[in-house]
Amino acid sequence: MFGLFKNAMNVTPEEAQQMLSSDNPPKLVDVRGPSEWATGMIQGALKLNDALMKEMLEKWDKETPILCYCAHGVRSMQMAAFLQGKGFNQVKSLQGGIAAWGQRKRA
């Protein structure tokens with residue numbers, strides 16, 4: 001399943017930084033668990049939990065730009081594929097996750 005979406009969904013940390021700095025930044029969704037949130041988050045991220053998932057599926061416009069991230073990029077790619085399957089058209093995954101984000105080249 002992921003082969004269909006992988007290249008189109010992944011963005012590098014540098015691309016993600018540009019997206020987040022744009023005039024129309026994506027909603028940033030941290031798909032890690034609570035114990036991982038305690039280790040640090042990307043500023044402005046929403047913590048994915050049952051309530052947020054319900055809100056996303058029931059209330060968010062399908063054209064909402066969304067950028068998912070996790071620790072290393074696997075779970076966020078799975079979440080991005082799931083959301084695309086639910087009709088979201090502008091969902092991306094941070095390649096390498098928060099680990100790569102910390103190593104990005106800052107512009």
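Please treat every number below as a calculation from the coordinates, not as lab data. Everything quoted here is computed from the prediction, not taken from an experiment. Cβ sites come from the backbone with ideal geometry, for glycine too, and all protein chains shown count toward neighbours.
Okay, here's what the table says:
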quantity: The chain - charge dipole about Cα centre, Lys and Arg +1 at Cβ, Asp and Glu -1, debye rounded to 20; calculated: 200 debye
quantity: Selection of GluC sites (Glu not before Pro), region 54-107, meeting DSSP coil and at most 12 other Cβ within 10 Å; calculated: GLU63
quantity: Computed magnitude of the charge dipole of region 53-99 (debye, nearest 20; Cβ of K, R +1, Cβ of D, E -1); calculated: 120 debye
quantity: Gyration tensor verdict on region 2-101 (Cα atoms; rounded if a/c is under 1.5, prolate if a/b is larger than b/c, oblate otherwise); calculated: rounded
quantity: Structure-based [θ]222 nm, the chain - -39500 (n - 2.57) summed over DSSP H runs of at least 4, per residue, nearest 500; calculated: -11500 deg cm²/dmol
quantity: For VAL29, distant residues with modelled amide H under 5 Å away; calculated: LEU46, LEU67, CYS68, TYR69
quantity: Mean separation of Cα contacts under 8 Å (6+ apart) over length of region 2-101, as relative contact order %; calculated: 36 percent
quantity: In region 15-87, the trypsin sites (Lys or Arg not before Pro) that fall in loop regions by DSSP, at most 14 other Cβ within 10 Å; calculated: LYS62, LYS86
quantity: Sequence of LEU57, LEU48 once ranked by neighbouring C-beta atoms within 10 Å, starting from the fewest; calculated: LEU57, LEU48
quantity: Max mean-square fluctuation residue, GNM over the chain, Cα-Cα springs under 10 Å, options ALA45, ALA71, ALA80; calculated: ALA45
quantity: For the chain: lysine pairs under 20 Å (alpha-carbon distance), excluding those fewer than 8 apart on one chain; calculated: 22
quantity: Amide H partners (placed H, <5 Å) of ASN10, local residues excluded; calculated: SER93
quantity: Integer Hz, Karplus 6.51/-1.76/1.60 couplings in order for region 83-91, x for Gly and Pro; calculated: 5, 4, x, 8, x, 6, 9, 10, 10
